[in-house]
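Here the structure is laid out as C-alpha cells; the discussion comes afterwards.
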Amino acid sequence: MSEREIQYVTDAVRTGWNANYRGYLERFEAAFAKHVGVRYAITTTSGTAALHLAVLALGLGPGDEVIVPDQTFVACANAVRYTGATPVMADVLPNTWCLDPASVHKRMTPRTRAIMPVYHYGTPPPMDELLAIAREHDLFVIEDACPAAGVTINGRHAGSLGAVGCFSFQGAKIMVTGEGGMLVTDDAQLAQRARYFSSHAKDPNRSFWHPEVGYMYRMSNPQAALGLAQLERLEEFVAAKRRIFGWYRDRLGGISGLRLNAEPAGTRANYWMNSIILNHPFRVSRDELMQQLHDRKVDTRPFFYPITALPMYRRAINPVSYHLGANGMNLPSGVLLTEEAVDYVARQVRDILVGS
Ligand SMILES: *Cc1c(COP(=O)(O)O)cnc(C)c1O
C-alpha cells in the first residue's frame, strides 16, 4: 500500500456518493479493460463470483460439463457446480502445473461445453493448444486468470484470449481490493448478462423488477478506488515478484529433483507464488520440510489438494495433480521481501533438504 491507495480511497469516501457513487468503479473497470485489452470489464465481489457469472452468462447449467484442472483452488469446480453444470477434472502438466491438453481430450464427452484453463500461481497455461481444442470441438474457454494480473502470452494479456476471463483481487493476490474480482470479455451480450446477474437480475428499465433469480456480486466504490491505485502500480508489483523469483532461482535452481516455477517461451509469468516441487525423495517429505521451516520462522503453504480428493468431487485420480498436491509448496513471495530474507529462506530449504 502506498500514498496513492490512501489518496484514492480517501477521495472515494469523501466524494463517492450521490451522482458520483460509481465514479471509481467506472474508472477501475475502464482502466482494467484497457490494461487487459478487452472491451468490457465488470467488477465483482470476488474471483469466485466472476467465475460463477462467467459460467452463468454463457448459459451453462444442468446437463453441461466444464473441464477444469484437478490441481487448482476449489473455486473453479464450485463456480461450475453453482449453476447445476458438472465440473470434470482433467490433469495438469508437470512443468507448468496448468491444464494438460492431452488430458482435456481424454475427459471430453458429448456433454462438454467449456474448458476452464487456470493460470496456476501466475504461470500461463498452454493457451494455443487449448484454444485449438476449443475451436475444433466448439467449446467456450473460460480463463481462470484469478492470480494472473500482469501475465502475458505472446504480448496478449491473460484473460483476453478466451470467451471470458476472470480475475481475483483477494488480499493475497498480486493486486488487491481486500476482496474483489473482475470479469472481462469482448462479447457485448455476455458482458450485459454478467452485469445483470451480478445485480440481482434487475430489469434495467423497471425499478425493483427481477424476472429471474440473480446474485449480489457488486463491488463497492471505495474498493474500486483501492483497485485503481493498485492497477496503476501493477508493473511495479510484477517487477518485484520477478526479482524475488530470480533470487530463489539463483539459490535453489541447482538442486537436483527440485522444480521451481516455469515460464513457457513467449510468455511472461508474474511469479505470484514462488513454489517448489519435491520431485524425488529427499531426506524429508514436503510436510516435514514445511514443519521444519515453520520452526525456523519461515511461513509456507502447501499446493492445493486435488479437487477430486475433496469429498464433494471425489472421482478418478489425475496422477500429476496428486503428485503436485502432495509434494508442492509455496515459499514466501510478498513484494516487500528483501534479498536477505530470500537468502535466509533458501538456505533453510537447502539445509533441510540436502544439507548445506
Ligand atoms: C484466488 C483464486 C480464485 C478465487 O478468487 P477469490 O477472489 O478468492 O474468490 C480462483 N481461482 C484461482 C486460480 C485463484 O488463484
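With +1 assigned to the C-beta of every Lys and Arg and -1 to the C-beta of every Asp and Glu, and no other charges, what is the dipole magnitude of the chain about the Cα centre in debye, to the nearest 20?
Values: 36 positive and 34 negative charges, 47 e Å.
Roughly 220 debye for the chain.
Probe of 1.4 angstrom, ligands and nucleic acids ignored: what's the accessible area per residue over the chain, in square angstrom? Show your work: numbers first, answer last.
Details: 15470 Å² over 356 residues.
Averaged over the residues of the chain, the accessible area is 43 Å².
Which value, in Å² rounded to 10, gives the accessible area of residue 70 with a 1.4 Å probe and all protein chains present?
About 0 Å², rounded to the nearest 10.
Over the chain, how many pairs of lysines fall under 27 Å by alpha carbon, counting only those 8 or more apart in sequence or from different chains? Display every interim value, and only then the final one.
Working: 34/173; 34/241; 173/241; 173/297; 241/297.
Lysine pairs meeting the criterion: 5.
Rounded to the nearest Å, what's the spacing between the alpha carbon centres of region 19-56 and region 271-306? Just the number, please.
35
Measuring from centroid to centroid over Cα atoms, what is the spacing of region 166-182 and region 95-137 in Å?
Answer, in whole Å: 24.
Looking only at region 134-258, where both bridge partners belong to it, what percent of the DSSP beta bridges are antiparallel (to the nearest 5)? Could the numbers behind the result be given before it?
Values: 7 of 10 bridges.
About 70 percent, rounded to the nearest 5.
Select from region 288-349 those trypsin sites (Lys or Arg not before Pro) which occupy a DSSP coil region and have at most 14 other Cβ atoms within 10 Å, ordered by residue number. Intermediate values should be presented prior to the final figure.
Numbers: sites: 296, 297, 314, 315, 347; in loops: 296, 297, 314, 315.
Sparse-neighbourhood loop trypsin sites (Lys or Arg not before Pro): 296, 297, 314, 315.
Could you pull out the trypsin sites (Lys or Arg not before Pro) across region 41-146 that fall in loop regions by DSSP (anything but H, G, I, E, B) with no more than 16 other Cβ atoms inside 10 Å? Walk me through the numbers on the way to the answer.
Numbers: sites: 81, 106, 107, 111, 113, 135; in loops: 111.
Answer by residue number: 111.
What range in the chain is the longest one free of chymotrypsin sites (Phe, Trp or Tyr not before Pro) that are in a loop by DSSP and have at most 15 other Cβ atoms within 10 angstrom? List each step's numbers first, then the result.
Values: sites that count: 17, 21, 208, 209.
Excluding the exposed sites themselves, the longest stretch runs over 22-207.
Starting from 0.36 nm per residue, how many nanometres of slack lie between residue 299 and residue 242 once their C-alpha separation is accounted for? Can you show the working numbers first?
Working: separation 57, 0.36 × 57 = 20.52 nm, distance 1.96 nm.
Using 0.36 nm per residue and subtracting the Cα-Cα distance, I get 18.6 nm.
Taking N as the number of residues in region 266-316, what is its alpha-carbon radius of gyration divided by 2.2 N^0.38 Å? All intermediate terms of the calculation are to be shown ahead of the outcome.
On the way: Rg = 14.7 Å, N = 51, 2.2 N^0.38 = 9.8 Å.
So the Cα radius of gyration is 1.50 times the expected 2.2 N^0.38 Å.
Pairing the Cα long axis of helix 3-15 with the longest principal axis of the chain, what angle in degrees results, from 0 to 90 and rounded to the nearest 10?
That works out to roughly 20 degrees.
Is the shape of the chain rounded, prolate or oblate, going by the alpha carbon gyration tensor and its root eigenvalues a ≥ b ≥ c, with a/c under 1.5 for rounded and a/b larger than b/c for prolate?
Working: a/c = 2.06, a/b = 1.29, b/c = 1.60.
Since a/c reaches 1.5 but b/c is at least a/b, the shape of the chain is classed as oblate.
If you take the charge dipole of the chain about its Cα centre, with +1 on Lys and Arg Cβ and -1 on Asp and Glu Cβ, which of 72, 62, 160 is farthest toward its positive end?
The listed residue farthest towards the positive side: 62.
Going by amide H atoms built from the backbone, whose H comes under 5 Å of the H on residue 162, apart from near neighbours?
Residues meeting the criterion, in which the H sits 1.01 Å from N, are 143.
Can you work out ³J(HN,Hα) from phi for every residue in region 329-335, in order, using Karplus 6.51 cos²θ - 1.76 cosθ + 1.60 and θ = phi - 60°, giving whole Hz and x for Gly and Pro?
Karplus-based 3J(HN,Hα) across region 329-335 equals 8, 9, 9, x, 9, x, 5 Hz.
Which shape class applies to region 161-302: rounded if a/c is under 1.5, otherwise prolate when a/b exceeds b/c and oblate if not, where a ≥ b ≥ c are the square roots of the Cα gyration tensor eigenvalues? Mind showing how you got there, number by number?
On the way: a/c = 2.56, a/b = 2.35, b/c = 1.09.
It comes out prolate by the Cα gyration axes.
How large is ³J(HN,Hα), in whole Hz, for each residue of region 300-308 in order, when computed from phi with the Karplus curve 6.51 cos²θ - 1.76 cosθ + 1.60 and θ = phi - 60°, using x for Gly and Pro?
Along region 300-308, the couplings run 9, 9, x, 4, 6, 4, x, 4, 6 Hz.
Using a simple spin-label model with points 7 Å from Cα along the Cα→Cβ vector, what separation in nm is obtained for residue 284 and residue 315?
3.6
Given 190, 32, 122, which one lies farthest toward the positive end of the charge dipole of the chain, if we put +1 on the Cβ of every Lys and Arg and -1 on the Cβ of every Asp and Glu?
Selected residue: 190.
Contour minus end-to-end for residue 233 and residue 354, with contour as 0.36 nm per residue of separation and end-to-end as the Cα-Cα distance? It would help to have the intermediate numbers written out before the result.
Details: separation 121, 0.36 × 121 = 43.56 nm, distance 3.87 nm.
Extra length from residue 233 to residue 354 when fully extended: 39.7 nm.
The values are calculated or read from the model by the stated rules, or taken from the named source; none is laboratory data. The model shown is predicted, which means the values in this text are computed figures rather than measured ones. Quick reminder, even Gly has a Cβ in these numbers, built from the backbone with ideal geometry, and neighbours come from all protein chains shown. Protein only, heavy atoms only, side chains kept; ligands, DNA and RNA dropped before computing areas. Shrake-Rupley method; radii C 1.70, N 1.55, O 1.52, S 1.80 Å.
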